[in-house]
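See structure below.
The values are calculated or read from the model by the stated rules, or taken from the named source; none is laboratory data. Since we're looking at a predicted model, the values are computed, not measured. Cβ atoms come from the backbone with ideal geometry, glycine included; neighbour counts cover every protein chain shown.
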Amino acid sequence: MLSWLESSVSKRDPEGFYQILNVGLDASAEEILLSYRFLKIAFRERRKKLNIGLIQEAYETLSDQEKRTEYDARSRPSAAAASDRQGAVSRFSSPVLLLSLIAVFLIVLVVVKGPDMRAALISFHQGDRLYLMEDESSMGTVVSYESDHRFHNGAVAPAYLLREAGGQEEWYPARDL
């Protein structure tokens, strides 16, 4: 994985931020946010093995207009050369991102079947902090996992016990996380 990040660095993108996030030089703020969230989900399980800080730094730099302008000025020698490169990079980055998203959904639909498909793909560990994707607010910290938890309505399913900010603990079905 690190070799992919290292190979992302080039003369026109010295720190590789555009390629790390897999966006073109002319990417909108929405495209940058979408790509960042996709990478955050894709590498959730590997975050202890991978330098997520590099992805976070790329997002923080490219999502802030002032930092992005400064980064672009530092990394592009001339505006004319930059406009030539923008066309070449943006032609490939959007289809690659789209194909990556399609591949992920196909894998989920074909390889993993059933109502607990998300639980089979993503597992959390004790101490992991879970966040909501919409507003990135904290849901709580994982306390434990039970493969056959019995809920108050009688249903039995894999579940995680989360400790919320106030200290109270609640069980959540694994498929809902």
>> Considering only residues that are exposed (fewer than 14 other Cβ atoms within 10 Å of the Cβ), in contact (Cβ under 8 Å) with a residue 24 or more places away in the chain and within 30 Å of L33 (Cβ to Cβ), which ones fall in region 126-169?
In response: M133, S138, E164, A165
>> Here are the criteria: (1) modelled with pLDDT under 75; (2) not in a helix (DSSP H, G or I). Tell me which single one A119 does not satisfy.
In response: (2)
> Which ones in region 1-35 are in a helix (DSSP H, G or I) and at pLDDT below 50?
Replying inline: L2, S3, W4, L5, E6, S7
